[in-house]
Every structure is written in C-alpha cells, then in structure tokens.
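Have a look at the structure below, then the notes.
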Amino acid sequence: MFEIDMMFAFALFSLGLYGVSSRKDFLRIFFSLEILINSVILMLALSAHFLGLAQNIPLAYLIMVLATLEAATGTLIFVGANKFTKATNPDQLDRESYDE
Amino acid sequence: MDIVFLVITLLFAVASLEFKNSISAIISFALMMLTLGVYYLYLNEQLLGLFQIFVYTGGVAVLILLGMAIIGTDSKPSPNRLWAAFGAFAIFVLLVTFFYLHVKDIVYLANTHKPSNLLFSRYYSDFTIILALIGSSLLYATVKMIKVLKPKRRKDV
C-alpha cells in the first residue's frame, strides 16, 4: 500500500512540475507550486504513517507554515504587480516598457 | 480507500490546472486540498488533516479568491508545451524507478535507525523564532516591493 500511495505522491509532484513549466498565468503557476509543496507533505505523512517515522510530522507542519507564508507573500506580489503593471502573467512584467 | 482519496486528489489537481475558468480552477484547488486533508484524517493524522483543511481549504483558497477579485478572472490560455509534459513524465518515471529500486532499503533503514524525536521537542522555541524571522522578513520584503513600485507609478501620473 505504501508503494502505491507514494506513486500518487510522485504523480502529484510531476503534475506540479508540469504546471510550473508549462502554464503562463500567475494563478496556474501558483497552484502548481502549491501542488508541488503538498506532494512533499503527502510523502512525509505517508512515510510517518506506514514506516513509523513520527518525526516527519513536525517537519510537515514546518513546510506547511512556510507554504502558507509563501502563499500570502505570493498573492501580495501578484496583486501588487498587477496593480502597477496590469500584468496577468509573468511575461508581461516588463519594467522598461512600463517606465516609458 | 486510500486509492480512491488519492485518485480524487489527482483529478482535482489536474482540473485546477486545466480549467479555463479561473473560479472553477480555484474551486478545484480548494476541493483538492480538502480531499488531501480528509485523507490525512483517514491516516489518523488528525492535527495535520485539520491544519490542511483550515489553512489550505480555508485560508489560502480565500486569499487566492481575494487576489483574483482584485486582479480579475480573465487570463490568456497557456500553450501546450510538449517538452514540459515529457520532462514531467520523465521525472515521474525516474522517481518511481528509483523508489522501487530502493524501497526495501528505505523500509529497512526506517525500521533499524529511528532518528531522535528530540530535534523538534527540545529546540521548539528556536524553530518558532526562526519561523517568525522568516515570516517577518517575507512580509517586510513584500511591503518594500510595493513601495518600490509605487513611486514609478506616481512619476507616470
């Protein structure tokens, strides 16, 4: 069971990588990052449950707190960048054209 | 039962990336996080599951909705990049191959070498201080970034 569940965690990780490298708008890149982080948390929880590595759970909390901070900061950066440049994807964040 | 939860999670994850409508994507994302939280509860990791549900399904999803309300929901469709799909699949295959080659060693090491739990119990306050420092520096950086952007805007106006 551990092996099959870990395969799903790997699939989530690959899906997150695919999203980060293929999507162009802020929202999808942000989702992909969260999927990447959650796949790692899932791996930690699975190893804690199936292998008895209980010390992985505090590590999962630590990652979750950092991911929450990243979510808050990322949203602020997206909103701030959109407010001043009207960009909805990172390719539009061109300060040179904005300064003209 | 494990597989059902994880298949639903994976489907919601794919839907959150593939839906054209941003609101549907956010709802799929929140449902994915909810399913993961319920799965943690099913694994008897109650605190982790509740944390996942409250923080991700509640906090982060609402935060993203707020951001989308300010930015707007229109977004250009992303091109399908074959190299990205191929790269992600290659990494998946590599991870699975590596895992299946070494799963016996991983289980053996987990059973024989139990690392100490003292790291997080003894140094709990240190970790809290480090997290607070990281959080405050991130917030400071965000505020600073907005201040850097602001004068340029005023100059243009």
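Quick note: the coordinates plus some simple rules give every number you see, no bench work behind them. Since this is a predicted model, take the numbers as computed values, not measurements. Note that each Cβ is placed from the backbone with ideal geometry, even for glycine, and that neighbours are counted across all protein chains shown.
Values for this structure:
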{"read-out": "Sorted by Cβ neighbour density within 10 Å, fewest at the top, the residues A:E3, B:E45, A:E70", "value": "A:E3, A:E70, B:E45"}
{"read-out": "Between helix A:56-85 and chain A: long-axis angle, C-alpha atoms, 0 to 90°, nearest 10", "value": "10 degrees"}
{"read-out": "Sum of -39500 (n - 2.57) over DSSP H runs of 4+, divided by residues of chain A (222 nm, nearest 500)", "value": "-28500 deg cm²/dmol"}
{"read-out": "For chain A, size of Cβ-based charge dipole, Lys and Arg +1, Asp and Glu -1, in debye", "value": "160 debye"}
{"read-out": "Chain A: angle of helix A:26-51 to the longest principal axis, Cα-based, in degrees nearest 10", "value": "10 degrees"}
{"read-out": "Cβ-based exposure ranking for A:D25, B:D2, B:D105, in which fewest neighbours within 10 Å come first", "value": "B:D105, B:D2, A:D25"}
{"read-out": "Most fluctuating residue given options A:A45, A:A71, A:A54, as computed from a GNM of chain A linking Cα atoms under 10 Å", "value": "A:A54"}
{"read-out": "Cα-centred dipole magnitude for the range B:1-105, charges only on beta-carbon of K, R (+1) and D, E (-1), debye, nearest 20", "value": "260 debye"}
{"read-out": "Average beta-carbon neighbours from other chains, 10 Å sphere, peptide A:65-77", "value": "6"}
{"read-out": "Per-residue mean of C-beta atoms belonging to partner chains within 10 Å, peptide B:52-58", "value": "3"}
